[in-house]
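Every read-out reported here was derived from the displayed coordinates using simple, explicitly stated rules and does not represent laboratory data. In this text the structure is predicted, and so the values were computed from the model without any measurement. We place every Cβ from the backbone using ideal geometry, glycine too, and count neighbours over all the protein chains shown.
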Amino acid sequence: MSSLGARISLGASSVAGQAGRFVIVGMVNTLLTGGLFYGLSFVLSAWLAYTVAFTLGVVFSAAVSPRLVFQARPSPSRRAAYVVWYLVVFLVGLASVRVLNDLVREDHLQVVVLTLIVTTSLSFVGSRVILTRHPHGEGT
């Protein structure tokens, strides 16, 4: 029973450490890409501004997050899954921009902030699952 308690405690601290590192890396990424999204939204359509900023954010995240945030060296198949997950997050974010900007008609800042809340949450959960899960039988 104590072994189970130790694993739960270790898992919780692992998640907390990953979440902390995700927040730090994410803040840098969000400040850069959020600022770019906000600035570009005045000269480009909102969806195109979001696309440019998100693409640059994914490049940054793919380069930094696996090792720095999750302390993982993902296989090529996991890297592919990571990219696919970010495509899903991108599409959800694009839908958020469409709804908030075009249908609800929120101002630029609210569109950016609300879209970032949705996509950041999805990014952390999906990235953690993809980059830290162990195949069946591994680690036992």
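In the chain, helical runs assigned H by DSSP with n ≥ 4 each contribute -39500 (n - 2.57); averaged across all residues and rounded to the nearest 500, the mean residue ellipticity at 222 nm is -26500 deg cm²/dmol. Fewest-first ordering of Y86, Y38, Y50 by other beta carbons within 10 Å of each residue's beta carbon gives Y38, Y86, Y50. In terms of other Cβ atoms within 10 Å, V129, V112 run from fewest to most in the order V129, V112. Report the Stokes-Einstein translational diffusion coefficient (µm² s⁻¹, integer) for the chain, Rh taken as the Kirkwood radius over Cα pairs, at 10 °C with viscosity 1.306 mPa s. Value of D from the Cα-based Kirkwood radius: 98 µm²/s.
Shown for the chain are the DSSP H helices of 20 Å or more along their axis, judged by Cα atoms, with a mean Kyte-Doolittle hydropathy of at least 1.6: 46-64. Fully extending the segment from R67 to V23, taken as 0.36 nm per residue of separation minus the present Cα-Cα distance, adds 14.4 nm. Take Y38, project a point 7 Å from its Cα along the Cβ direction, then tell me which residues of the stretch 110-135 have their backbone nitrogen under 20 Å from it. 110-121, by backbone N distance to the label point.
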